[in-house]
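Visitor: Take this structure, written in structure tokens, and hold onto it; I'll ask about it next.
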Amino acid sequence: MTNVINIGIIGAGAIGCLFGGNISKVKYNNITINVTLYTRERHKKAIRDNGLILEQNGKKENLLNLNVFTEPKYPNRPNINDKFPFQYLFLTTKTYDLESALDEYCELIKNSKYFIILQNGIGNVEIVKKKISHFKILRAVTSNGALMERDGYIIRTGKGITKIGFIKTENSEKETVKINKEDKKNLETLKTILNLANLETEIVDNIESVCWEKIFINVGINSFGALTGLRNGELLEIKGLRDIMKRAVIEAVKVAKKKGIELKAKNYVKIMLEVAKKTSMNKNSMLQDILSGKNKTEISFINEKIVSYGKQLGVDVSINEVLSYLIHGLEKANN
Ligand SMILES: NC(=O)c1ccc[n+]([C@@H]2O[C@H](COP(=O)([O-])OP(=O)(O)OC[C@H]3O[C@@H](n4cnc5c(N)ncnc54)[C@H](OP(=O)(O)O)[C@@H]3O)[C@@H](O)[C@H]2O)c1
């Protein structure tokens, strides 16, 4: 059995550093775990100068044992099988950087054993599959929260659960790529490492449904917060607005059902409203992107994806369509 496990993280910002930092502390049998972060120059410099500063549970730690690069380099260690420099390679950029990151890191991804998309959104996998075919791809959906306070400094803003699972991929003959015993064992190992890293993790059979369940929440909250500047809880105080939030989610659920996504018999509108209430003080990530002056948000992988699927499937998606255009307007105003 290998005594080294190499884990890479492409686009190590808030969530990537939360995962990478915590994984780098794991002691797992006699196995050495190496973590390599791929990030931007300023963030890299700060981490190389002072270590990654991770604040969680009211405690601050300086983590000094992380490799950090700004471009696709492999950690130079002698006992790694050349073909698989990373056993597990995570992608944690925002969805709007997905394609460019795939292009930039294509070789690194292909030479790793498992590629794990740790992002919000739907439609990400279609893009990954187009660029990297016949490959065993996983998705991870997390309800943990993290914030990059400044370069090299990450704050854990919430403790949640992470769900992981293989997504269905096809080989060149269009046959579904089989997940074998070894893959299942390696998925268990990843789960163990994440749990030891204080990142509570579950393996799920149908990760696609989990992605959609999270999307229903994002569809009902994110663009509304970004457009109004309101915190999640404040959105609920305006009855008319709350009704439109509900209608946006109903459209998304109809699209998912028509698309054949397996959904549990849950009231997703109620779940979205409960999440908004529970996180009432939060400014959602789309609002934060707009407030920080960014000219891009994750709208194309949330409401806008509902619109494109809805149009293909003949589902009325007019609320999501209006929301998508308005957010593009905000993005343009930030240009
Ligand atoms: N943060 C959370 O609490 C949270 C929770 C659950 C899910 N998520 C999801 O996780 C994903 C990541 O979110 P996040 O909040 O961690 O975003 P983030 O803090 O913006 O981190 C992404 C990082 O990737 C960098 N990056 C982009 N392209 C790169 C490339 N080609 N090479 C190297 N670095 C690159 C970005 O740099 P620049 O910004 O300088 O381009 C940024 O530092 C999103 O899909 C989000 O919805 C986040």
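Visitor: For region 224-335, give me every one of the helices (runs of 4 or more DSSP H) that falls completely inside it and has 3 or more residues that are surrounded by 20 or more Cβ atoms within 10 Å (Cβ to Cβ) and within 16 Å of the ligand (Cβ to nearest atom). Show your work before the answer.
Guide: On the way: elements: 232-236, 239-258, 268-278, 285-291, 303-313, 318-333.
In region 224-335, 285-291, 303-313 are the helices (runs of 4 or more DSSP H) which contain 3 or more residues that are surrounded by 20 or more Cβ atoms within 10 Å (Cβ to Cβ) and within 16 Å of the ligand (Cβ to nearest atom).
Visitor: Going through region 8-25 one residue at a time, which ones are surrounded by 20 or more Cβ atoms within 10 Å (Cβ to Cβ) and away from the ligand (no atom under 16 Å from the Cβ)?
Guide: Matches in region 8-25: SER24 only.
Visitor: Could you list, in sequence order, all residues of region 150-185 that are at pLDDT below 95, part of a strand (DSSP E or B) and over 19 Å from the mean Cα position of the chain (by Cα)?
Guide: If the condition is that a residue be at pLDDT below 95, part of a strand (DSSP E or B) and over 19 Å from the mean Cα position of the chain (by Cα), then GLU170, THR176 are the ones that fit.
Visitor: Any chance you could count how many residues in region 103-140 are within 16 Å of the chain's Cα centre (by Cα), near the ligand (Cβ under 9 Å from one of its atoms) and farther than 17 Å from CYS17 by Cα?
Guide: 2
Visitor: A further question on this structure: If you go through region 117-135 one residue at a time, how many are touching a residue at least 24 places away in the same chain (Cβ under 8 Å) and surrounded by fewer than 18 Cβ atoms within 10 Å (Cβ to Cβ)?
Guide: At the first step, the residues of region 117-135 found to be touching a residue at least 24 places away in the same chain (Cβ under 8 Å) are 117-125, 127-129, 131-135.
From what is left, the residues that are surrounded by fewer than 18 Cβ atoms within 10 Å (Cβ to Cβ) are 127, 129, 131-135.
Selection size over region 117-135: 7.
Visitor: On the given criteria, is PHE135 touching a helix residue (DSSP H, G or I) at 6+ places or on another chain (Cβ under 8 Å) and modelled with pLDDT under 90? Give the steps one after another, and end with the answer.
Guide: Numbers: touching a helix residue (DSSP H, G or I) at 6+ places or on another chain (Cβ under 8 Å): yes; modelled with pLDDT under 90: yes.
In short, yes.
Visitor: Further question: Can you name every residue in region 97-132 that is among the acidic types (Asp, Glu) and at pLDDT 90 or above?
Guide: Within region 97-132, the subset among the acidic types (Asp, Glu) is 97, 99, 103-104, 107, 126.
Within region 97-132, ASP97, GLU99, ASP103, GLU104, GLU126 qualify.
Visitor: Can I ask one more? For the subset of region 27-60 comprising residues that are part of a loop (DSSP other than H, G, I, E, B) and loosely packed, with under 10 Cβ neighbours inside 10 Å, which member is nearest to the ligand (Cβ to nearest atom)? So that I can check it myself, show each step before the final result.
Guide: Going through region 27-60, the residues part of a loop (DSSP other than H, G, I, E, B) turn out to be 27, 29-30, 39-40, 51, 57-58.
Add one more test, that the residue is loosely packed, with under 10 Cβ neighbours inside 10 Å, and what stays is 27, 29-30, 57-58.
On the way: LYS27: 26, ASN29: 29, ASN30: 32, ASN57: 16, GLY58: 18 Å.
So the residue we want is ASN57.
Visitor: What number goes with the only condition from (1) in contact with a Pro (Cβ under 9 Å, 6 or more places away or on another chain); (2) exposed (fewer than 14 other Cβ atoms within 10 Å of the Cβ) that GLU104 does not pass?
Guide: (2)
The values are calculated or read from the model by the stated rules, or taken from the named source; none is laboratory data. The structure displayed is predicted, hence computed values, not measured ones. Glycine also receives a Cβ, built like all others from the backbone with ideal geometry; neighbour counts cover every protein chain displayed.
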